[in-house]
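Colleague: What follows is a structure written as structure tokens; I'll ask about it next.
FYI, it's all coordinate maths here, none of it is from the lab. Model, not experiment: these values are computed from the prediction. Positions of Cβ are generated from backbone atoms using ideal geometry, with glycine treated the same way; all protein chains shown enter the neighbour counts.
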Amino acid sequence: MDKEKRDKLFDQAKDWVLEAGKNIREKINDPLQIDTKSNPNDLVTAMDKETEEFFANHIKQKYPGHSILSEEGFGDELDSLGGIVWIIDPIDGTMNFVHQKRNFAISVAIYEEGVGEIGLIYDVMADNMYQAKRGEGAYKNDVLLSQMDRNKQFEEAVFGLNHFWLCENRLVEEKRMQQFVKDIRGTRTYGSAALEFAFVAEGVMDGYLSMNLAPWDVAAGIVLVNETGGVTTNIDGTELNMLDKDSVLTCNPAIQDRLLNSYIKHGRK
Ligand code: 2AM
Ligand code: CA
Ligand code: CA
Ligand code: CA
């Protein structure tokens, strides 16, 4: 994608994200209409759907040739990332939206032929826009984010982890995760994969590890993390499947090898 096209798309996508965020803020104290999806803790609200529909309607009207990959059903059924694809999570961190009324984000990415060109992660209540264009660095609002420290010490790393690592899992049964959290400096759980990616890009965490994330959880975050020198793979250390759920490790490259080889892969059955 040439720069002029990317700049125009970025400006439009950002305007829509800001407008959608403002709408959510204005209605944050309205009564919630909550449904569940795959299990009683898998929540979706009318606001998730309203926000996704807002994006889908605008995109289909202004860019009829573009495709949409999104969580709540207003997008397209895609079997490839060919052409220009908007990858959208209207509210990432729905449980936070419901229980905390904060710590959730709108995540919008634009990919062309499978390459991430634009990433926007908007922390709606904090009014922080994490934004990146491929090749032009990542920003938090108007501040350019630093490149990751290539000499980061493993023992000083702070990692985003979630409840998966307290549940039945080979890496837990073999005490690998327990050893990992003892060997690093600390862990954090924010409950929004998109925000955790943004925090890795910002350098306030050195990595984030999760099972079972969908493309819309990670697409914008990958663009941001790429722009600050980070790396994103699945937990096998191979390329993420951007059309289906996958495990995800995004981190400072100084940390990646040791985490994959000493804790995750070693002894794999
Ligand atoms: P969501 O809020 O958009 O559903 C929480 O650890 C993170 O995992 C959030 O980014 C959340 O996205 C995502 N996630 C994906 N599938 C989930 C599920 N079935 N239940 C809870 N969180 C899920
Ligand atoms: Ca969800
Ligand atoms: Ca999500
Ligand atoms: Ca969501």
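Colleague: For Lys175, give me every one of the lysines with a C-alpha distance below 27 angstrom, ignoring sequence neighbours fewer than eight places off in its own chain.
Modeller: Once the sequence-local lysines are set aside, what remains near Lys175 is Lys152, Lys245, Lys265, Lys269.
Colleague: Based on other C-beta atoms within 10 Å, arrange Val204, Val108, Val44, Val248 from fewest to most.
Modeller: Starting with the residue having the fewest Cβ neighbours, the order is Val204, Val44, Val248, Val108.
Colleague: A further question on this structure: Give me the lysines in straight-line cross-link reach of Lys133: C-alpha distance below 24 Å, same-chain residues under 8 apart excluded.
Modeller: Lys3, Lys5, Lys8, Lys14, Lys22, Lys60, Lys62
Colleague: Which whole number of Å³ per residue matches the convex hull of the alpha-carbon atoms in the range 205-257?
Modeller: Cα convex hull per residue, to the nearest whole number: 69 Å³.
Colleague: Right, something else. Under a crude label model (7 Å from the Cα following the beta-carbon direction), how far is His99 from Gln33 in nanometres?
Modeller: Placing both labels 7 Å along Cα→Cβ, they lie 2.4 nm apart.
Colleague: If you don't mind, there's one more thing I want to ask. Kindly rank 69-75, 34-40 from highest to lowest mean number of other beta carbons found within 10 Å of each residue.
Modeller: 69-75, 34-40
Colleague: What angle do you read, to the nearest 10 degrees and between 0 and 90, between the alpha-carbon axis of helix 215-227 and the longest principal axis of the chain?
Modeller: 70
Colleague: With 22 Å as the cut-off, how large is the P(r) tail for the range 97-219, expressed as percent of Cα-Cα pairs?
Modeller: Taking all Cα-Cα pairs of the range 97-219, the fraction more than 22 Å apart is 42 percent.
Colleague: Oh, and also: Place a label point 7 angstrom from the Cα of Leu78 along the Cα-to-Cβ direction, then list the residues of the range 197-232 whose backbone nitrogen is under 12 Å away.
Modeller: 215-220
Colleague: In whole angstrom, how far apart do the alpha carbon centroids of the range 2-73 and the range 106-145 sit?
Modeller: One Cα centre to the other: 15 Å.
Colleague: According to a simple spin-label model (label point 7 Å from Cα along Cα-to-Cβ), what is the distance in nm between Asp127 and His163?
Modeller: Label at His163, label at Asp127, 3.3 nm between them.
Colleague: Give me the percent of Cα-Cα pairs in the chain that sit more than 25 Å apart, rounded to a whole number. Please report the intermediate quantities before stating the final value.
Modeller: On the way: 15393 of 36046 pairs.
Considering the chain, 43 percent of its Cα-Cα pairs are separated by more than 25 Å.
Colleague: By how many nm would the segment from Asp183 to Arg170 grow when fully extended, if each residue of separation counts as 0.36 nm and the alpha-carbon distance is taken off?
Modeller: 2.8 nm
Colleague: Work out the length of the dipole vector of the chain about its Cα centre, built from +1 on the beta-carbon of each Lys and Arg and -1 on the beta-carbon of each Asp and Glu, and round it to the nearest 20 debye.
Modeller: Result for the chain is approximately 740 debye, rounded to the nearest 20.
Colleague: Sort the range 3-144 into rounded, prolate or oblate with this rule: let a ≥ b ≥ c be the square roots of the eigenvalues of the Cα gyration tensor; rounded if a/c is under 1.5, and if a/c is not under 1.5, prolate when a/b is larger than b/c, oblate otherwise.
Modeller: Details: a/c = 1.95, a/b = 1.34, b/c = 1.45.
Here the range 3-144 falls in the oblate category.
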